Amino acid sequence: MTQNLDLKSVFYPFGRRKIEQLNQAGGLLAHYTNLPVLVSILEKGEIWLRTTQKMNDYREIEWGVSRLQEALKLPGGLYLKKALSHVDPELSAYVDTFAKRNEQLFTTNTYSSSFTFHDPTRDRYGRLSMWRAYGKVALILDSKAIADDLTSHVRLTAMAYMEASEVSERMVEVAKNVEAHQAQLRTFDRQTLRAEVFLMLGLAQLSNKHPGFREEDEWRALWVEDVRCDPLLSKSVEVIKGQEEVVYRLSLAALSRGNLSALVDKVMIGPTTVDEMIEMRDRVEATFTKLGWWPKNGIELTEIPLRE
């Protein structure tokens, strides 16, 4: 009976819809950065997940935490706890104590790498706000090339931009799913259900930003450091801007089962001078030649005029 119920469809309807929408829109995600970092990503075959405490504004996490806590007191949160109590009373009690017991885990032990949805309607030019904020090159990845059968606790998740009332509305949807599948959910062991509730609430915290950032259309690869290991990640201490920092290195080869040319759709070079654009293009070309593989759609020069 349990084999026929996909727990993700019950507890993560928003995330499932966003993945479907992403795939329908081409599945491309952009990682904006500078040339040295891009070359390092390509040569090492990995993207680093850094602690959220090093984000441009670490208070982004605080936004998600506070809105979740508020939402749990609103009608949607109360409805969700009631629905869970009909499956297992301990699940409802677990929700009540979740924030207090896991605040440090999610605020200090979370690592992420950021991407933005690469809109096919402006594929030629990229996202101007990202060029201005993060660098002159962008690595365009095809999320459809990511193997979906890997055993991984790294989550590729779309960011939401919600107030507490909107989080509460999402909880109503989950509560209705729980009610609809109540009998089947009871056949799962308590530890499995508790893990799903833990992840659902954790993602609700980590994947919610201030609505003022909505234009970014951000996605994140997220990893919460705990006792589990992950086949896609390796931990190391790196020197970044003169300071030692723990990072988790996400293997692109493992992520795509070795099909890097399918995973890397192209590299884009953004607003810059003509001389620098040519220099950067040549450096990227030389890097791919050295590696012996080429992105599916090569190197794109946006030729956006540079404002002095």
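Quick note: the coordinates plus some simple rules give every number you see, no bench work behind them. Not measured: the values here are computed from a predicted model. Please note: Cβ atoms are built from the backbone with ideal geometry, for glycine as well, and neighbour counts cover all protein chains shown.
Using R₀ = 45 Å, calculate the FRET efficiency as 1/(1 + (r/R₀)^6) where r is the Cβ-Cβ separation of residue 187 and residue 54; round to 0.05. Don't skip to the end; give the middle numbers.
Working: r = 43 Å, r/R0 = 0.95.
The value I calculate is 0.60.
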(Q) Which entries of 136/241; 144/176; 44/136; 144/296; 8/266; 54/296 have Cα-Cα distances beyond 23 Å here? (A) 144/176; 8/266; 54/296
Q: Select from segment 224-308 those trypsin sites (Lys or Arg not before Pro) which occupy a DSSP coil region and have at most 12 other Cβ atoms within 10 Å, ordered by residue number.
A: 228, 241, 307
Q) Using Cα pairs under 8 angstrom and six or more residues apart, how large is the relative contact order of the chain, in percent? A) 30
Q | For Cα Rg over 2.2 N^0.38 Å, calculated from these coordinates, the label among (1) 1.07; (2) 0.98; (3) 0.94 | A | (1)
Q. Put +1 on the Cβ of every Lys and Arg and -1 on every Asp and Glu Cβ in the chain; which of 4, 110, 234 then has its Cα farthest towards the positive end of the dipole?
A. 4
(Q) To the nearest 20 Debye, how big is the dipole of the chain about its Cα centre, given +1 on the beta carbon of each Lys and Arg and -1 on that of each Asp and Glu? (A) 400
Q: For n ≥ 4 DSSP H runs only, could you compute -39500 (n - 2.57) per run for the chain, divide by its residues and tell me the 222 nm figure to the nearest 500?
A: -14000 deg cm²/dmol
Q | Whole-Hz couplings from phi, Karplus 6.51/-1.76/1.60, listed for segment 36-46; x for Gly and Pro | A | x, 5, 4, 4, 5, 4, 5, 5, 8, x, 7
